[in-house]
Amino acid sequence: MNTILECSHVSKRFGKKTVLQDVNIQIEPGHIIGLLGPNGSGKTTLIKLSCGLLTPSEGDIRILGKPVDPSGKLKIAYLPDKNSLSDWMQVSQIVDMFHDFYSNFDRGKAYEMLKRLDIDPKLKLKTLSKGTREKVQLILVMSRNADLYLLDEPVGGVDPAARDYILQTILTNYNEEGSILISTHLIADVEQMLDRVIFLKEGRVVLDSSVDDIRTQNRKSVDELFREVFTC
Amino acid sequence: MLGKLLKKDITATGRFFVPMIIIYAIASVLGKILMELVLSMVHTGSNMYDIILLVTTVFATFFIIYIVACVILIKVFIVYDFYKTMAGDQAYLTHMLPVSANLLVLSKVLAAVVWQALTGLVVAVSVALFFAGHYDTAIPGFYEFVSSMEAIGMSFDIYCLNILINLVISAFITPLMFFAAIAIGHLFGKHRILGAIGSYVGIYIIIQIIGIIFLVMIGFRITRPEQSAFLVNSTFLFDAILNLIMIGAFYWVTQYIFSRKLNLD
């Protein structure tokens, strides 16, 4: 089975501060993996490194066996933790742009999701609420038939109803032959969809296990184990 | 992919440049109408002459201010778009596109060149518009200029060619110098904007020093007034060669940093 993402001995420093240290991760197709850890544990850094938005200080990152290059970026669908879309553009213009650049982007699927949410494609992004903009961004990401979905805090800072919609959208639209790496600290909301979890603590992987193993060996839910590992 | 990137970049920057160019074109036409009105009333003794002259003078003042503002705004818009999309919030989207940093930078440069060329074209048309109908008064001055150049041994055709070559080169070097400074600033961790400004100033000082060294060196070789043409042509040639080297260097530095040293934190 082809490894989609492989991080070998990856470290990242910002100045003198070490944010990630000697991280080793392999992700195979067909998994939904939770990248869990408290704020500042290095989740966002690891995701950005995986999609080439950060350069590792040490170590090697490969997507389908190759360093992250333009062709690798076609295989990754990344949802950042902030708005990266141009506010002055209409939703339809952004959809067209994704269709132009990503051969695996399904425009019909995107419009279908927009219609379901009653978002007018003719509206400019700056006229939409923050929550709606986040949903547009999620729709764009999930309309791609990618090998790896890197979702950075998709349910952070949204109300419970929106959380349900977001998780449902992820589950019903991702390419099942690919994998999802979802970072969050809101474990209870995502636990049911995960089949593997990676705990990050102070830049180090402290646990990499299947959810089934946690439940059978530790006799705990992921949320309970998380609270135990990250107790203050 | 370059075509798609260009479409994206020209659309994004067009929202600044299109209104700017349209306003310039409208102002040029209005200016021409006012100028013709003033000229037609000079010897008529009309009571309205003073008012029209005052309106034209005020209009001309604002028009000149607008031209100066445009020259500055062109650079501001180019820098703003580049920073926002290559190193700011929108860089997350830009650098996730399945294209190389090489193409990203090339597209930004070409979009900047397209807008500078269009603006230059509109300015040229507006100058021609102002002279329209008055070539009889303008042409003698033009011939005077040409003959004064020939008197010092300079060919007008070569002079024009030099100007054209340097204009084309400067359309590339102006954005690239900013882009390289922003890219170098990207290496300065949390002080990226400060780093970019410092880099720009540093590059500018180095270029000035090289220019001064050249002028001093060539200046010693000029001993007779007839050699002025040699000085002018050498300066043009030196500028062109130096600028071409800098275009290559700035382009390489920019794409290298954004492909190998990218850190969007």
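What to note about this one:
- Among A:Y165, A:Y149, A:Y111, the largest mean-square fluctuation in a Gaussian network model of chain A, built with springs joining Cα atoms closer than 10 Å, belongs to A:Y165.
- Residues whose placed amide H lies under 5 Å from that of A:Q21, excluding near-sequence neighbours: A:K12, A:R204
- Between amide H atoms placed 1.01 Å from N, distances below 5 Å from A:L5 occur with A:I27, A:L64, all of them 5 or more places distant or on a separate chain.
- Farthest toward positive dipole pole in the range A:5-229 [+1 Lys/Arg, -1 Asp/Glu at C-beta], among A:Q168, A:N24, A:S92: A:S92
- Counting all C-alpha pairs of the range A:5-229, share separated by more than 27 Å (%): 33 percent
- Residue among B:T44, B:T61, B:T11 with the largest mean-square fluctuation in a Gaussian network model of chain B, springs linking Cα atoms under 10 Å: B:T44
- Under the convention that each Lys and Arg Cβ holds +1 and each Asp and Glu Cβ holds -1, the size of the dipole of the range A:5-229 around its Cα centre is about 700 debye.
- One Cα centroid belongs to the range A:1-61, the other to the range B:102-172; the line between them spans 53 Å.
- In degrees, nearest ten, helix A:160-173 long axis to first principal axis of chain A (Cα): 90 degrees
- Note on chain B: GNM, Cα springs under 10 Å; of B:V113, B:V68, B:V42, the largest mean-square fluctuation is that of B:V42.
- Put in line by how crowded their Cβ is, counting other Cβ atoms within 10 Å and starting with the fewest, B:S155, A:S84 read B:S155, A:S84.
- Pairs from the list B:K8/B:K84; A:K48/A:K82; A:K126/B:K84; A:K75/A:K124 with a Cα-Cα gap above 19 Å: A:K75/A:K124.
- Summarising the amide proton neighbourhood of A:I180: residues at separation of 5 or more, or on other chains, whose placed amide H is nearer than 5 Å comprise A:H31, A:I32, A:I33, A:Y149.
- Note on the protein assembly as shown: Kirkwood hydrodynamic radius from all Cα pairs is 26.8 Å, rounded to one decimal.
- A simple rule links phi to the HN-Hα coupling: the Karplus curve 6.51 cos²θ - 1.76 cosθ + 1.60 with θ = phi - 60°, which for the range A:15-31 gives x, 8, 8, 8, 9, 9, 9, 6, 8, 10, 9, 10, 10, 9, x, x, 10 Hz, with x for Gly and Pro.
- Cα gyration tensor, chain B - rounded (a/c under 1.5), prolate or oblate: oblate
- Looking at the range A:1-98, the DSSP beta bridges with both ends there are about 100 percent antiparallel.
- Cβ-derived FRET efficiency at R0 41 Å, A:E112 paired with A:D208, nearest 0.05: 0.70
- Taking B:C70, B:C160, A:C7, A:C51 and counting other C-beta atoms within 10 Å, the order from fewest to most: B:C160, B:C70, A:C7, A:C51
- Taking B:W115, A:W88 and counting other C-beta atoms within 10 Å, the order from fewest to most: A:W88, B:W115
- Estimated distance in nm for a label pair at B:E144 and A:A162, the labels positioned 7 Å out from Cα along Cα-to-Cβ: 7.0 nm
- Pairwise FRET efficiency - B:V125 versus B:T61, Cβ, R0 = 30 Å, nearest 0.05: 0.85
- Between B:Y135 and B:N47, the simple spin-label model (points 7 angstrom out along Cα→Cβ) gives 4.0 nm.
Values in this text are rule-based calculations from the coordinates and carry no lab data. Small disclaimer: the values here were computed from a predicted structure and weren't measured. Cβ atoms come from the backbone with ideal geometry, glycine included; neighbour counts cover every protein chain shown.
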